[in-house]
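Heads up, the thing below is written out as structure tokens.
The values are calculated or read from the model by the stated rules, or taken from the named source; none is laboratory data. None of these values were measured; they are calculated from a predicted model. Positions of Cβ are backbone-derived with ideal geometry, glycine not excepted, and every protein chain shown enters the neighbour counts. We work out accessible area using only protein heavy atoms, side chains counted, and drop any ligands, DNA or RNA first. Shrake-Rupley method; radii C 1.70, N 1.55, O 1.52, S 1.80 Å.
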Amino acid sequence: MISKSLIKTLTQPPHWIDRPNDTNEIILGTVGRLVRNISGCVFPGWSTEEQRREVAEKVVPAIRKLPGQKAAYDLPMEEIPYELRRLMRLHRRLSAVMSARGAGCHLICNPNRDEVFMVNEEEHIAYHCFRPGNDMPRVLRRIRETAGKLDKALPIARNESRGVLTSCPEDCGDGTVFSCILHLPALDIAGYMPQAARAAEQLDLGICPYYPMHHNRNSGCGIYTLFSGMSPLGHTDEVAANLATIASRLAEKERMMRNELYRTALPELVDRIHRSYAIISYARLLSFEEAVDHMSMISLGLDIGCLGLADESEIPHLPLLMFGAEVSTPAMNLCMMENHSDPGNMHLFLRSDLVRFYMQGIVTKELFINESNE
């Protein structure tokens with residue numbers, strides 16, 4: 001069984017989420033995914049428990065020998081409790097497929113929790129690399145290094161003309177996927193996101209809300225994932241560069257829309273931000289979706305100067321991607337069950353230390369509204 005100390009470590013936010021990044025308040029993170037399968041072995045979706053264990057016996061020791069992985073945690077999936085799986089999925093350390101896996105499947109996570117290997121996910125090996133902000137060069141470098149070492153250490157299933165073989169024949173190629181996490185509240189307010197999604201689709205990219213519970217909504221609370229498809233053979237660099245370029249263009253459009261809202265609809269924008277500030281400061285029961293909505297607006301208020309710090313020090317990085325930890329821990333759920341008749345609908349979100357820490361020093365600021373803004 002996983003020790004309590006390790007569970008406590010794994011419930012902490014990954015360093016890439018918690019690390020301050022003042023260079024770009026719009027592109028919050030960059031993610032790379034690398035997949036590989038072992039030649040002669042059945043794909044995980046069709047394999048038996050015994051076959052998955054045989055794959056793990058080959059793969060896990062090879063991964064542990066990679067640079068930076070000797071101190072990594074090797075977690076058998078059947079030992080990871082449900083609540084921890086839920087939290088790790090929100091922090092992108094588990095994919096949706098992996099969170100449902102059991103015997104014969106392993107999660108290998110380095111101490112910084114910035115890199116994870118999933119063994120017997122959709123593919124035999126799925127490697128995720130995370131970096132804060134707009135940092136595609138570092139992600140691409142780590143993906144290349146890891147791919148090269150895995151290809152030398154293991155008999156990788158590949159075809160000379162199609163590239164790396166995957167469980168979905170259409171995804172054969174380099175076995176790489178990239179994504180950027182974006183904070184786009186102004187584009188959300190302006191109703192631009194459906195248009196952005198259509199434009200991205202024409203470039204073989206996709207846009208979806210970052211948090212899974214928002215996937216059936218028209219709005220993603222301003223937080224979105226821009227993602228590529230699987231890279232065709234020999235096109236990893238091109239796909240990564242294309243995604244980074246489109247992410248930068250969306251960030252620029254977000255800045256332009258913030259300026260436009262500031263110029264033409266400042267009273268309404270300030271009112272919306274201050275309403276979110278009041279609700280977050282004084283409400284006691286919020287759904288997760290509502291909490292993310294309001295914290296997104298508070299982050300926007302900090303960015304445009306509508307909110308600030310009482311001591312006039314540097315505005316802190318507001319960790320919009322950390323909220324999963326605050327509503328997913330067993331302690332929070334237990335507290336909910338003891339204090340509310342229907343724990344499934346609401347969370348005691350505002351009693352968390354995270355929100356108290358970031359709200360205690362934030363104050364409202366009066367912005368000059370001239371006649372052109374009225």
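Does at least one position in the range 36-44 carry a residue that is open to solvent by 40 Å² or more (accessible area, probe 1.4 Å) and touching a strand residue (DSSP E or B) at 6+ places or on another chain (Cβ under 7 Å)? Scanning the range 36-44, I find at least one residue that is open to solvent by 40 Å² or more (accessible area, probe 1.4 Å) and touching a strand residue (DSSP E or B) at 6+ places or on another chain (Cβ under 7 Å), so the answer is yes.
Residues in the range 45-55 that are in a loop (DSSP other than H, G, I, E, B) and open to solvent by 60 Å² or more (accessible area, probe 1.4 Å): T48 alone.
Can you pull out the residues in the range 29-44 that are out of contact with any Asp or Glu (no Cβ under 9 Å at 6 or more places or on another chain) and part of a loop (DSSP other than H, G, I, E, B)? Spell out how you get there, then give the answer.
Just the residues of the range 29-44 that are out of contact with any Asp or Glu (no Cβ under 9 Å at 6 or more places or on another chain), to begin with: 31-33, 38-40, 42.
Those that are out of contact with any Asp or Glu (no Cβ under 9 Å at 6 or more places or on another chain) and part of a loop (DSSP other than H, G, I, E, B): S39, G40, V42.
A residue that is surrounded by fewer than 18 Cβ atoms within 10 Å (Cβ to Cβ), of a type outside the set (S, T, N, Q), in contact with a strand residue (DSSP E or B) (Cβ under 8 Å, 6 or more places away or on another chain) and outside any loop (DSSP other than H, G, I, E, B) occurs somewhere in the range 155-171. What are the pairs, 6+ residues apart or on separate chains, where a residue within the range 228-243 that is without any contact (Cβ under 8 Å) to a residue 40 or more places away in the chain has its Cβ under 8 Å from a residue that is part of a loop (DSSP other than H, G, I, E, B) and of a type in the set (A, V, I, L, M, F, W, C)? Pairs that qualify, where the first residue is without any contact (Cβ under 8 Å) to a residue 40 or more places away in the chain and the partner is part of a loop (DSSP other than H, G, I, E, B) and of a type in the set (A, V, I, L, M, F, W, C), are N242/L203. Of everything in the range 61-104 that is on the phi > 0 side of the Ramachandran plot and open to solvent by 10 Å² or more (accessible area, probe 1.4 Å), the residue that is modelled with the lowest pLDDT is R92. Scanning the range 122-154 for residues that are under 18 Å from L233 (Cβ atoms), hydrophobic (A, V, I, L, M, F, W, C), open to solvent by 10 Å² or more (accessible area, probe 1.4 Å) and more than 20 Å from the chain's Cα centre (by Cα) gives a single hit, A147.
Here is a yes/no grid of residues against (1) open to solvent by 10 Å² or more (accessible area, probe 1.4 Å); (2) among the polar types (S, T, N, Q); (3) under 17 Å from the mean Cα position of the chain (by Cα):
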position	(1), (2), (3)
V177	yes, no, yes
C180	no, no, yes
D188	yes, no, no
C208	yes, no, yes
C221	no, no, yes
